[in-house]
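To start, the structure under review is shown below, and the notes come after it.
The values are calculated or read from the model by the stated rules, or taken from the named source; none is laboratory data. These figures come from a predicted structure and were not determined experimentally. Neighbour counts run over all protein chains shown; Cβ positions are idealised from the backbone, glycine included.
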Amino acid sequence: MLDTLALNLLNDQSMEFSGKKIILTGYRACGKTSVGKILAAKLGLDFIDMDKVLEERYGSIRQMVEDQGWDFFRARERELLDELTGRDNLVVATGGGAIMHHPQWQRLMDTGLTVWLTGDVETICRRLAADLVSAEQRPSLTGQDIRDEVAGVLAEREPFYRQGSHLTVDGNMDLADIVLKIENFLQGDK
């Protein structure tokens with residue numbers, strides 16, 4: 001859900017952008033899709049939500065994993081990352097596990113700005129609980145209770161998010177503040 005301030009950002013003048021691609025990463029429910037839509041609109045770039053593309057091609061992620069397994073899903077995710085490496089003029093909201101595809105991720109880092117939207121366990125769990133669509137579409141990663149799953153997977157992936165990102169932004173901030181921080185970085189205010 002876009003907050004009022006974030007919607008107002010869409011009406012502001014588009015900022016200058018000299019890059020070709022912005023890749024947003026982070027755990028589920030950290031705001032990648034919401035932030036990505038705003039950035040793409042402001043920058044005049046295409047927006048791609050990787051999970052949505054995979055669902056359009058292969059059906060729901062939950063069904064894909066139930067029918068074919070996680071290995072099948074991860075292979076399709078790798079293929080899509082390879083496709084996106086060759087594209088420009090877009091903002092990409094990646095799936096939370098896309099960071100684990102090291103060769104593909106490194107190529108993405110070489111072709112665009114990678115931004116890690118962080119999130120703490122409590123905030124992620126609260127957002128996941130409030131998002132009924134996500135619960136229906138996204139299968140459990142570990143089979144554990146949600147809090148234990150988030151804590152464990154986040155701890156496992158955090159070093160990869162940290163190493164695989166040019167910029168780290170607190171995903172607990174308001175959407176408008178997240179977008180502003182990325183804008184400032186793009187304009188050279190680090």
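Observations on the structure shown:
- Close contacts from the range 49-69, counting a first residue that is closer than 22 Å to G26 by Cβ and a second that is at pLDDT below 90 and outside any helix (DSSP H, G or I), with Cβ to Cβ under 7 Å and a gap of 6+ residues or different chains, come to I61/R138; I61/P139; R62/R138; R62/P139; V65/P139.
- Scanning the range 106-122 for residues that are under 18 Å from R28 (Cβ atoms) and without any contact (Cβ under 8 Å) to a residue 60 or more places away in the chain yields D120, V121, E122.
- The residues of the range 176-190 that are under 13 Å from H166 (Cβ atoms) and in a helix (DSSP H, G or I), listed by number, are K181, I182, F185, L186.
- Residues of the range 96-105 that are within 17 Å of I22 (Cβ to Cβ) and either more than 13 Å from the chain's Cα centre (by Cα) or without any contact (Cβ under 8 Å) to a residue 60 or more places away in the chain (or both): Q104, W105.
Residue by residue, here is whether (1) within 30 Å of K181 (Cβ to Cβ); (2) under 16 Å from the mean Cα position of the chain (by Cα); (3) buried (at least 16 other Cβ atoms within 10 Å of the Cβ) holds:
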position: A40; (1), (2), (3): yes, yes, yes
position: D51; (1), (2), (3): yes, yes, yes
position: E55; (1), (2), (3): yes, yes, yes
position: Q63; (1), (2), (3): no, no, no
position: G69; (1), (2), (3): no, no, no
position: E77; (1), (2), (3): yes, yes, yes
position: T85; (1), (2), (3): yes, yes, yes
position: D88; (1), (2), (3): yes, no, no
position: V91; (1), (2), (3): yes, yes, yes
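- Failed item in (1) touching a residue at least 24 places away in the same chain (Cβ under 8 Å); (2) more than 16 Å from the chain's Cα centre (by Cα), with I146 passing the rest: (1)
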